[in-house]
Amino acid sequence: MKGHRVLRIVAKLLIPYILVFALYVQFHGDYGPGGGFQAGVIFAAGYILFSLVFGLEPARGAARPGVLERLFAAGVLLYAGVGVATMLLGGDFLEYNVLEHDPKAAQHLGVLLVELGVGLTVATVMISIFFAFAGRGKRA
């Protein structure tokens, strides 16, 4: 899309706002609608927009498959790790009250960490799926 100068300029202006909105949805999720899944989808959509406008190679250079796989694993481990930590502290799986002395602070911390793991996992999986299908069927 090198000939579409307006599209490239608009994308350069919009992508940072899309990514910041994803962070807002991520960290506002325990106070209102939103959370990890929605934030992950919004973040991946911003990244996919970047790759559609500027090309697959620059996008793949910014997020290599090995990095995506590690981030995917880190998200799953964060989610599961919070559950295991609550069990090691004497509670049930994902029983946040054992994380802190104050139950309200414990709920906030637990939800924040779990939703962060979900957001990280969803974003990296969606980007990986996009890369897996992008460019297929393209004539040489």
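Rule-based calculations on the coordinates, nothing more; no lab input. Treat the numbers as computed from the prediction; the structure is a model and nothing was measured. Don't worry about glycine lacking a Cβ; one is built from the backbone with ideal geometry, like all the others, and counts go over all protein chains shown.
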Phi to ³J(HN,Hα) by Karplus 6.51 cos²θ - 1.76 cosθ + 1.60 over the stretch 46-52, Hz, x for Gly, Pro: x, 5, 5, 4, 4, 6, 6
Return the long-range amide H neighbours of Gly29 (sequence gap of 5 or more, or a different chain), with a cut-off of under 5 Å between placed amide H atoms. Gly35
Tilt of helix 65-88 relative to the longest C-alpha principal axis of the chain, in degrees (0 to 90, nearest 10)? 10
The Rg/Rh figure for the stretch 5-133, Cα atoms and Kirkwood Rh, to two decimals is 1.08
Out of the stretch 1-72, which chymotrypsin sites (Phe, Trp or Tyr not before Pro) are coil in DSSP terms and have no more than 15 other C-beta atoms within 10 Å? Tyr31
For the chain, what is the calculated [θ] at 222 nm in deg cm²/dmol (nearest 500), taking -39500 (n - 2.57) for each run of four or more DSSP H residues and dividing by its residue count? -26000 deg cm²/dmol
